[in-house]
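One structure below.
The values are calculated or read from the model by the stated rules, or taken from the named source; none is laboratory data. Only a predicted model underlies this, so the values are computations on that prediction, with no experimental measurement involved. Remember, those area values only see protein heavy atoms, side chains included, never the ligands or the DNA or RNA. Shrake-Rupley method; radii C 1.70, N 1.55, O 1.52, S 1.80 Å.
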2 protein chains.
Amino acid sequence: MAVDQLDAVFAALADPTRRAILARLAQGEANVAELAEPFPISQPAVSKHLRVLEGAGLISRAARGTARYSRLEAEPLRRADEWMQSYKRFWSESFDKLDAALAAYLREPVESHEPPVDGPVIDTPREDTP
Amino acid sequence: MAVDQLDAVFAALADPTRRAILARLAQGEANVAELAEPFPISQPAVSKHLRVLEGAGLISRAARGTARYSRLEAEPLRRADEWMQSYKRFWSESFDKLDAALAAYLREPVESHEPPVDGPVIDTPREDTP
DNA sequence: CCCTTTCGTAACCGAACGGTTTTGATAACC
DNA sequence: GGTTATCAAAACCGTTCGGTTACGAAAGGG
């Protein structure tokens, strides 16, 4: 139910054009032409993106005259962020140590009494910002 | 550069199977068979999901014997969360009041479906453009 | 040695995605 | 009333996605 919406929200956020549209709408509502202006794509393409964003609940739309104004709706973002909270401990400083200990503990029962022979079992590939 | 990685992270999170895999890995590393167990899909399908997650940097993998253990890497999640921070004010308490006031101010004779509000391009309440 | 377990890769398939061009509806302007 | 501006819908196209089946490599265990 709510999980399904997360699908749509994350899928919507996966496209850089749509994220840029959201960034634009964070500064205030805009019509389709205004939203399409920064992008080298056609107007129908932008309309499609808006339909995706609307389907994910990330924007709402209202017609005023011939124009259709889009407005940012942050509630789905709040839910997506809420989902991420469960993982925040994994990138917090305090967890790094706990994680190391826990991982070491979990590593043992897997292969009961085998000497850690071949290679580094689980190394920590720290590849920050290549 | 870094934006590209956000694409991959959000795209990876858009699939419920992959989110479930991450949830499982939050409890400790696991091999492919263990990760595949809860799902009614084939092992190669799970391998594909793992490859997507690895491509997004959300997991790292290491071989131990014939097994290949996956491990949660939360750094991309941190970056995705960081991206969301720019929008947090839109669902925060203080913004709700500001939004309500602004909406009331901008209210005009408009018939729309959801929010009965709109106006010409709003002024940015604060400047925090990503 | 063989044989099993574990897993990745390749080839394929249908559906969804992101884009296009074309067309049409509708409100606003002269 | 005719024209223009704004935008959505439809039809189409190439690519990606999520799944399958079939096969192969490689590490252990008997």
Original post:
What residues of region B:4-41 lose no less than 30 Å² of accessible area with every protein chain in place versus their chain by itself (probe 1.4 Å, heavy atoms only)?
Top reply: B:Asp7, B:Phe10, B:Leu13, B:Ala14, B:Arg19, B:Ala26, B:Glu29
**OP:** For the A and B pair, go ahead and give the buried accessible area with a 1.4 Å probe, both sides summed, in Å² to 100.
**Re:** 4600
**OP:** At 1.4 Å probe size, with no ligands or nucleic acids counted, give the accessible surface of A:Val32 in Å², nearest ten.
**Re:** 30
Original post:
HN-Hα J couplings of region B:32-44 from phi, Karplus 6.51/-1.76/1.60, θ = phi - 60°, integer Hz, Gly and Pro as x?
Top reply: 5, 4, 5, 6, 7, 3, x, 9, x, 10, 6, 5, x
Original post:
What is region A:1-88's relative contact order, in percent, from Cα pairs under 8 angstrom and six or more apart in sequence?
Top reply: 33
**OP:** Would you give the gap between the C-alpha center of region A:1-60 and the C-alpha center of region B:37-87, rounded to a whole Å?
**Re:** 26
